1. Within the stretch 177-191, can one find any residue that is at pLDDT below 95, closer than 26 Å to residue 144 by Cα, surrounded by fewer than 21 Cβ atoms within 10 Å (Cβ to Cβ) and not acidic (Asp, Glu)?
2. Restricting to the stretch 121-137, give me the number of residues that are outside any loop (DSSP other than H, G, I, E, B) and surrounded by 17 or more Cβ atoms within 10 Å (Cβ to Cβ).
3. Report yes if some residue within the stretch 158-168 is assigned to a helix (DSSP H, G or I), in contact (Cβ under 8 Å) with a residue 24 or more places away in the chain and touching a Ser or Thr at 6+ places or on another chain (Cβ under 8 Å); otherwise report no.
4. How about the stretch 173-194: which of its residues are in contact (Cβ under 8 Å) with a residue 24 or more places away in the chain, touching a helix residue (DSSP H, G or I) at 6+ places or on another chain (Cβ under 7 Å) and of a type outside the set (A, V, I, L, M, F, W, C)?
5. Does residue 200 satisfy the condition of being within 20 Å of residue 120 (Cβ to Cβ), more than 13 Å from the chain's Cα centre (by Cα), assigned to a helix (DSSP H, G or I) and among the aliphatic types (A, V, I, L, M)?
6. Looking only at helices (runs of 4 or more DSSP H) that fall completely inside the stretch 206-258, which ones have 2 or more residues that are among the charged types (D, E, K, R)?
7. Which one of 117, 146 is loosely packed, with under 13 Cβ neighbours inside 10 Å and over 16 Å from residue 175 (Cβ atoms)?
Amino acid sequence: MTTPTTQTQTQQTPAQPTVRRAVAVVLLGLAVALGLSSTASAQWRPVRRVPRPIDFATSQNDNLFSLVRSQDDIHTLETAIEELAAGEHEAAVRRLHELLRVDPPGVVPVAPGQYCGTRGAVVAVLANMSPAATAAYEEFAAREAGGLMARSLLELSPRLLERLASRFPTTRRGLEARMLLGDRALEQGDGVTAAAHFRAALDATAIGSRQEDALVERLEVTHVLIDPAASRAAAVAGKLTESAERMLPTAPPQQARQ
């Protein structure tokens with residue numbers, strides 16, 4: 001009775017190192033691609049834009065009664081956007097950072113009948129500012145974060161990495177922390193958690209940037225683990241990126257129909 005058990009354990013043990021080796025190769029390829037021109041060939045592309053608040057077209061008593069809608073927060077966001085346009089970068093980034101700390105976060109009207117989460121709108125604005133405004137926010141965030149931002153990410157616990165990524169999502173260090181959390185989840189074969197981190201990182205990158213390309217490709221890699229059958233079909237049809245194809249050997253085997 002003990003022999004079959006020993007054989008089963010021997011067969012299952014190498015699975016995790018195999019995933020880690022494959023992920024290491026994939027991430028190395030993505031890092032090289034990120035340093036070059038934009039070359040991502042993923043079939044799925046996100047439709048992203050920077051939302052702009054509009055006035056409410058309906059009253060506060062409409063059917064969105066369960067959602068928090070603070071007119072003060074919306075006004076603060078509008079003011080910050082106006083300050084960015086006027087070159088008042090320091091004042092603008094302070095307002096935007098304060099909105100990131102609002103709890104619970106509410107929603108912002110961006111079109112008739114369409115709403116965006118306040119935090120999502122703020123992150124989009126922060127991620128797509130001018131170079132001068134981005135530099136001002138980096139300096140402000142470094143002061144706010146204190147020693148946390150100065151420490152090596154490899155020294156930080158998962159809790160501190162999450163704190164850094166959540167509090168300063170669009171800063172260089174915050175984005176690196178979010179991507180590290182995603183990469184670690186991917187190494188563990190947890191495609192769902194990795195995809196959540198990469199999607200959050202994607203929202204915190206500039207639209208049309210090389211970082212956006214790299215994260216889109218990372219998301220396609222996670223899809224191999226989440227839906228291996230669909231990924232194999234995409235590979236047969238020639239619609240899978242090279243990075244995702246490298247992950248296919250580590251995907252769970254397709255189960256035979258009963």
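The values are calculated or read from the model by the stated rules, or taken from the named source; none is laboratory data. Owing to the predicted nature of the structure, the values given are computational and were not obtained by experimental measurement. Quick reminder, even Gly has a Cβ in these numbers, built from the backbone with ideal geometry, and neighbours come from all protein chains shown.
1. Within the stretch 177-191 (the criterion being at pLDDT below 95, closer than 26 Å to residue 144 by Cα, surrounded by fewer than 21 Cβ atoms within 10 Å (Cβ to Cβ) and not acidic (Asp, Glu)), the answer is no, since none of the residues qualifies.
2. Keep residues of the stretch 121-137 that are outside any loop (DSSP other than H, G, I, E, B), which gives 121-127, 131-137.
Adding the requirement that they be surrounded by 17 or more Cβ atoms within 10 Å (Cβ to Cβ) leaves 121-127, 133-134, 136-137.
Here the count works out to 11.
3. no
4. Matches in the stretch 173-194: 173, 174, 178, 182, 183, 187, 189, 191.
5. On the way: within 20 Å of residue 120 (Cβ to Cβ): yes; more than 13 Å from the chain's Cα centre (by Cα): no; assigned to a helix (DSSP H, G or I): yes; among the aliphatic types (A, V, I, L, M): yes.
Considered against the rule, which asks whether it is within 20 Å of residue 120 (Cβ to Cβ), more than 13 Å from the chain's Cα centre (by Cα), assigned to a helix (DSSP H, G or I) and among the aliphatic types (A, V, I, L, M), residue 200 comes out as no.
6. Working: elements: 210-226, 228-236, 242-247.
Per the criteria, 210-226, 242-247.
7. Details: 117 fails: loosely packed, with under 13 Cβ neighbours inside 10 Å.
Residue meeting the stated conditions: 146.
Yes/no matrix, rows are residues, columns are (1) among the hydroxyl-bearing types (Ser, Thr, Tyr); (2) over 27 Å from residue 124 (Cβ atoms):
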residue	(1), (2)
172	no, no
186	no, no
194	no, no
208	no, no
213	no, no
222	yes, no
253	no, yes
